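To start, the structure under review is shown below, and the notes come after it.
The values are calculated or read from the model by the stated rules, or taken from the named source; none is laboratory data. Here the structure is a predicted model, which is why all the values come from computation and not from measurement. Because the Cβ atoms are built from the backbone with ideal geometry, glycine has one as well, and the counts that use them run over all protein chains shown.
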Amino acid sequence: MKPLSPAAGRIVALALLAAAIALPYRLIVAPLQDGYQELTEEAASRRDVLDRYRRLADSREDLRRRLETLRDNPAAQTGFLTGESETLVAAELQNLVRSVVERSGGRLESTQVLPPVTEGAFRRVTLRVRMSANIDGLSRVLYDLESMLPYLFVDGLDVVSRERRGARQDPQAGASILSVSYDVFGYMRAA
């Protein structure tokens, strides 16, 4: 075998030295650093969870006082439908929906009161609504219904576009009218 030139010998020696340093680092030090990093992140995550639990525990008395206030003063519970009976509440809900639809430029086609449903300590009063409006009117109706007090919820929204006559020939004739049906419901305290 032919001996290596001094320059090639130095290169091989440097390569062996680099391998002697890199191999233990790659096999021992890097896995230890990765494991340490994972443990550090896990410890930080657990500290965050512990801090959240401590904040919740600290606010427990305040939440208990608020719950007692709500139990003692049902009038303070503004998010519920109020009335003597489900029939009166449903009639009030119909009037509310009618005023919201008309205020938004829509046309109320029909409403149907669905049977009340008991859900825990509450009665769910539901109204099935059919209306027509343009897209702006519909968005105002949905916003008004879901952002007012008492709290109302919209479910089962079905929107169908009905094109106005002349809208194809004259784009200024108006936007499409939407035929909309949905259920709107709220909760009242069970008697």
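Structure data summary
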| item | result |
| --- | --- |
| Pick from segment 162-191, criterion closer than 18 Å to GLY137 by Cβ and at pLDDT 90 or above, ranking: surrounded by the most Cβ atoms within 10 Å (Cβ to Cβ) | VAL184 |
| Flag for LEU23 being surrounded by 10 or more Cβ atoms within 10 Å (Cβ to Cβ) and either in contact with a strand residue (DSSP E or B) (Cβ under 6 Å, 6 or more places away or on another chain) or part of a strand (DSSP E or B) (or both) | no |
| Pair list, Cβ < 7 Å and 6+ apart or interchain, from segment 166-189 residues that are more than 17 Å from LEU81 (Cβ to Cβ) to residues that are in a strand (DSSP E or B) and at pLDDT below 85 | SER176/ARG162; ILE177/ARG162; SER179/ARG162 |
| Failed item in (1) closer than 30 Å to THR118 by Cβ; (2) modelled with pLDDT of 85 or more, with PHE80 passing the rest | (2) |
| Among (1) of a type outside the set (S, T, N, Q); (2) over 27 Å from MET148 (Cα atoms); (3) more than 26 Å from the chain's Cα centre (by Cα) - the single one ASP72 does not satisfy | (2) |
| Test: residue in segment 2-20 that is of a type in the set (Lys, Arg), surrounded by fewer than 10 Cβ atoms within 10 Å (Cβ to Cβ) and more than 30 Å from LEU149 (Cβ to Cβ) | yes |
| Residue within segment 92-114 that is among the acidic types (Asp, Glu) and at pLDDT below 90 present | no |
| Qualifying residue in segment 83-93 (condition: hydrophobic (A, V, I, L, M, F, W, C), without any contact (Cβ under 8 Å) to a residue 12 or more places away in the chain and exposed (fewer than 10 other Cβ atoms within 10 Å of the Cβ)) | no |
| Condition check for LEU56: hydrophobic (A, V, I, L, M, F, W, C) and not in a helix (DSSP H, G or I) | no |
| Count of residues meeting criterion [of a type in the set (D, E, K, R), exposed (fewer than 13 other Cβ atoms within 10 Å of the Cβ) and in a strand (DSSP E or B)] in segment 98-122 | 2 |
| Pick from segment 134-161, criterion in contact with a helix residue (DSSP H, G or I) (Cβ under 7 Å, 6 or more places away or on another chain) and assigned to a helix (DSSP H, G or I), ranking: surrounded by the most Cβ atoms within 10 Å (Cβ to Cβ) | VAL141 |
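Residues checked against (1) of a type in the set (Val, Ile, Thr); (2) in contact with a strand residue (DSSP E or B) (Cβ under 9 Å, 6 or more places away or on another chain); (3) on the phi < 0 side of the Ramachandran plot:
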| site | (1), (2), (3) |
| --- | --- |
| ARG65 | no, no, yes |
| GLY105 | no, yes, no |
| THR111 | yes, yes, yes |
| PRO116 | no, yes, yes |
